[in-house]
Amino acid sequence: MTLVPRPSRDAPETDIFDRRESRVRSYSRSIPRQFTRAESVWLHDGSGGQYLDFLSGCSSLNYGHNHPVLKQALLDYIAADGIAHGLDLHTDAKADFLEAFEQLILAPRQLDYRAMFTGPTGTNAVEAAVKLARKITGRELVIAFTNGFHGMTLGALACTGNAGKRNGAGVPLSHVSHEPFDGYYGPDVDTAALLEQRLSDPSSGLDAPAAVLVETVQGEGGLNAASPEWLRAIAGIARKYGALLIVDDIQAGCGRTGSFFSFEGMGFTPDIVTLAKSLSGMGLPFALTLFRPELDVWEPGEHNGTFRGNNHAFVTAAAALRHFWADGSFQADIVRRGELLHSRLEQIAKEHSLSTRGRGMMRGIDVGSGDAASAITQSCFAQGLIIETSGAHDEIVKVLAPLTIDDVLLNTGLDILETAIGAELAPTLGVAA
Ligand SMILES: *Cc1c(COP(=O)(O)O)cnc(C)c1O
């Protein structure tokens with residue numbers, strides 16, 4: 001049986017949420033449904049509605065909802081009274097995850113990283129990364145980039161560009177310089193050269209940095225994909241000026257751009273890498289900070305936390321690595337599907353003189369304004385497609401379909417998106433609904 005998107009028409013009872021849940025909630029405002037269950041690429045509400053999920057928990061559900069192999073591994077583990085919480089104690093589940101990660105991810109890529117289990121959110125992995133870089137170098141400044149997003153705790157928030165997020169801090173966000181990302185001044189300005197010029201000039205006012213923190217594709221900041229050349233240049237600059245290169249792979253990693261790490265094959269190796277979002281494979285909270293073994297200068301407990309290493313997430317993460325990453329077939333599939341996504345988005349963009357962004361299965365269309373993007377995502381939702389926006393003005397409609405989606409459903413969702421864009425941007429040519 002093939003499901004089709006089928007939105008329910010009745011708004012759910014939201015009284016309890018209005019009454020008791022903080023105003024800070026965000027996604028539930030543009031997606032006002034109460035969901036009951038989910039599987040694969042589908043979210044179901046309680047009124048018979050089924051929605052194709054092109055948001056995937058902001059790329060936390062790269063393998064879709066409740067993947068049967070992952071779910072069974074977790075059910076078996078719980079049924080056998082496997083450890084649910086163990087602080088950072090050695091457990092079978094942790095050993096098994098580390099073995100799988102070493103064997104299936106690190107070794108084939110000739111990467112030699114130590115794994116630090118931080119608190120289970122991405123922002124905690126970023127906090128650990130910048131703390132470690134500051135501790136090692138004895139420097140304070142972190143170079144981050146325009147439109148970068150790194151999380152909401154104060155250290156990571158200081159590295160984040162978005163004013164709306166920064167405004168919530170309540171204290172000055174300091175010790176970070178936001179330098180122009182690749183392409184920030186248009187295609188003709190080499191922003192890596194600008195950074196190098198400032199760092200090499202003793203009178204530029206830019207202090208020697210502890211770290212350079214970068215996303216290879218900016219997930220929240222508009223799906224800007226840095227070129228391999230630019231990233232290589234940034235890696236070279238970091239090394240030359242004694243800073244550690246941190247790649248924040250929380251959204252772009254775990255296969256989203258077509259390889260497990262988003263920087264693979266680009267000719268540089270980050271000193272530190274952060275992972276979270278899809279790492280558990282099933283949407284369970286789980287974050288990792290990886291670094292070269294020589295950088296492992298932590299004192300025991302110096303970056304601590306009650307929930308470091310989520311044993312249920314170790315189980316599903318190890319199952320995901322074994323199921324999807326034991327050979328190259330899944331990766332080849334993502335690359336192929338990313339090309340399909342690319343060509344369809346290009347074609348839609350061309351019809352309306354728009355442009356596309358991104359890489360792999362992390363792509364979107366710049367529709368010119370946040371208002372247009374919001375109208376488009378709302379009309380997609382009315383057709384049973386869940387899709388969100390990204391970018392400085394929320395002007396990018398971003399497709400984050402599960403990496404496991406089949407081509408038919410990918411096309412189904414893109415058809416809905418195409419119609420919505422057509423209706424919003426060329427209303428005179430559209431057929432009245
Ligand atoms: C989501 C995200 C974070 C923060 O992760 P949380 O789990 O929300 O704290 C950090 N960096 C990037 C690139 C992200 O996409």
**Request:** For residue 152 paired with residue 47, estimate the spin-label separation in nm (one decimal), with each label point 7 Å from Cα along the Cα-to-Cβ line.
**Result:** 2.7
**Prompt:** Between residue 407 and residue 29, what length in nm is gained on full extension when 0.36 nm per residue of separation is reduced by their alpha carbon distance?
**Reply:** 133.1 nm
**Prompt:** Can you list the residues, at least 5 places off or on another chain, whose amide H is less than 5 Å from the amide H of residue 176, using H built in the peptide plane?
**Reply:** 142
**Request:** With only Lys, Arg, Asp and Glu charged, each at its Cβ (+1 for the first two, -1 for the last two), find how big the charge dipole of segment 69-324 is about the Cα centre; round to the nearest 20 debye.
**Result:** 260
**Request:** Report the one residue of 154, 90, 137 whose Cα lies farthest in the direction of the positive end of the charge dipole of segment 69-324 (charges on C-beta: Lys and Arg +1, Asp and Glu -1; origin at the Cα centre).
**Result:** 154
**Fill in**
Ordered by number, the chymotrypsin sites (Phe, Trp or Tyr not before Pro) in segment 108-191 that occupy a DSSP loop and have at most 16 other Cβ atoms within 10 Å are 184, 185
**Complete:** Counting only residues 5 or more apart in sequence or on a different chain, those whose built amide H sits under 5 Å from that of residue 211 are 143, 244
**Request:** For segment 69-324, give the share of DSSP beta bridges that are antiparallel, in percent and rounded to the nearest 5; count only bridges with both residues there.
**Result:** 40
**Item:** Exposure ranking of 308, 29, 357, 239 by accessible area [1.4 Å probe, largest first]
**Value:** 239, 29, 357, 308
**Asked** Can you tell me the Rg and Dmax of segment 69-324, counting just the alpha carbons, in angstroms?
**Response** 18.3, 64
**Asked** Distance in nm between label sites at residue 114 and residue 227, each 7 Å beyond Cα in the beta-carbon direction?
**Response** 3.7
**Asked** Between residue 332 and residue 298, what FRET efficiency comes out of the Förster formula 1/(1 + (r/R0)^6) with R0 = 30 Å and r the beta carbon distance, rounded to 0.05?
**Response** 0.20
**Message:** Taking 0.36 nm per residue of sequence separation and subtracting the Cα-Cα distance, how much length would be gained by fully extending the chain between residue 8 and residue 85, in nm to one decimal?
**Reply:** 23.9 nm
**Fill in**
Phi-derived 3J(HN,Hα) across segment 346-351 with the Karplus relation (6.51, -1.76, 1.60, θ = phi - 60°), rounded Hz, x for Gly and Pro, is 4, 5, 4, 4, 4, 4
**Prompt:** How much net charge surrounds residue 262 when only the other residues with a Cβ under 15 Å from the Cβ of residue 262 are counted, with Lys and Arg +1 and Asp and Glu -1?
**Reply:** +1
**Message:** Could you tell me the center-to-center distance, by alpha carbons, between segment 120-170 and segment 283-356 in angstrom?
**Reply:** 20
**Request:** Could you check the simple spin-label distance between residue 346 and residue 66, using points 7 Å along Cα→Cβ, in nm with one decimal?
**Result:** 3.8
**Asked** In whole percent, how big is the carbon plus sulfur part of the accessible area of the chain, probe 1.4 Å, protein atoms only?
**Response** 52
**Prompt:** By its C-alpha gyration tensor, with a ≥ b ≥ c as the square roots of the eigenvalues, how is the chain shaped: rounded for a/c under 1.5, else prolate for a/b larger than b/c, else oblate?
**Reply:** oblate
**Item:** In sequence order, calculated HN-Hα J values of segment 55-60 (Karplus, 6.51, -1.76, 1.60; Hz; x Gly/Pro)
**Value:** 10, 6, x, 6, 6, 8
**Message:** How large is the translational diffusion coefficient of segment 66-201 in µm² per second when you combine the Kirkwood radius over alpha carbon pairs with Stokes-Einstein at 25 °C and 0.890 mPa s?
**Reply:** 132
**Message:** Taking θ = phi - 60°, what integer Hz values does the Karplus form 6.51 cos²θ - 1.76 cosθ + 1.60 yield along segment 164-172, in sequence order, with x for Gly and Pro?
**Reply:** x, 6, 4, 4, x, 5, x, 9, x
**At R0 = 41 Å, FRET efficiency that the Cβ-Cβ distance of residue 415 and residue 197 yields, to 0.05** = 0.30
**Asked** Hey, if you put +1 on the Cβ of every Lys and Arg and -1 on every Asp and Glu Cβ in the chain, which of 49, 111, 187 ends up farthest toward the positive end of that dipole?
**Response** 49
**Item:** Accessible area per residue in Å² at 1.4 Å probe, computed on segment 106-211
**Value:** 47
**Prompt:** Where nothing but the Cβ of Lys and Arg (+1) and of Asp and Glu (-1) is charged, how large is the charge dipole of the chain around its Cα centre, in debye to the nearest 20?
**Reply:** 400
**Accessible surface, 1.4 Å probe, highest first, among residues 71, 94** = 71, 94
**For segment 270-347, with +1 on Lys and Arg beta carbons and -1 on Asp and Glu, the positive-most of 273, 328, 300 along the dipole** = 328
**Item:** Gyration tensor verdict on segment 230-333 (Cα atoms; rounded if a/c is under 1.5, prolate if a/b is larger than b/c, oblate otherwise)
**Value:** oblate
**Average silhouette area of segment 333-433, convex hull of alpha-carbon atoms, in square nanometres** = 5.9
**Asked** At a probe size of 1.4 Å, how large is the accessible area of residue 215, to the nearest 10 Å²?
**Response** 10
**Request:** For every other residue with a beta carbon closer than 12 angstrom to the beta carbon of residue 204, add +1 if it is Lys or Arg and -1 if Asp or Glu, then tell me the sum.
**Result:** -3
**Message:** With every protein chain left in place and a probe of 1.4 Å, what is the accessible surface of residue 412, to the nearest 10 Å²?
**Reply:** 40
**Request:** Grab the Cα-Cα distance for residue 163 and residue 189, subtract it from 0.36 nm times how many residues apart they are, and report the gain in nm with one decimal.
**Result:** 6.9 nm
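The values are calculated or read from the model by the stated rules, or taken from the named source; none is laboratory data. For clarity, every value in this text was computed on a predicted model and none was experimentally measured. FYI the Cβ positions are ideal-geometry reconstructions off the backbone, even for glycines, and counts take in every protein chain you see. Keep in mind that these areas ignore ligands, DNA and RNA; they rest on the heavy atoms of the full protein, side chains included. Shrake-Rupley method; radii C 1.70, N 1.55, O 1.52, S 1.80 Å.
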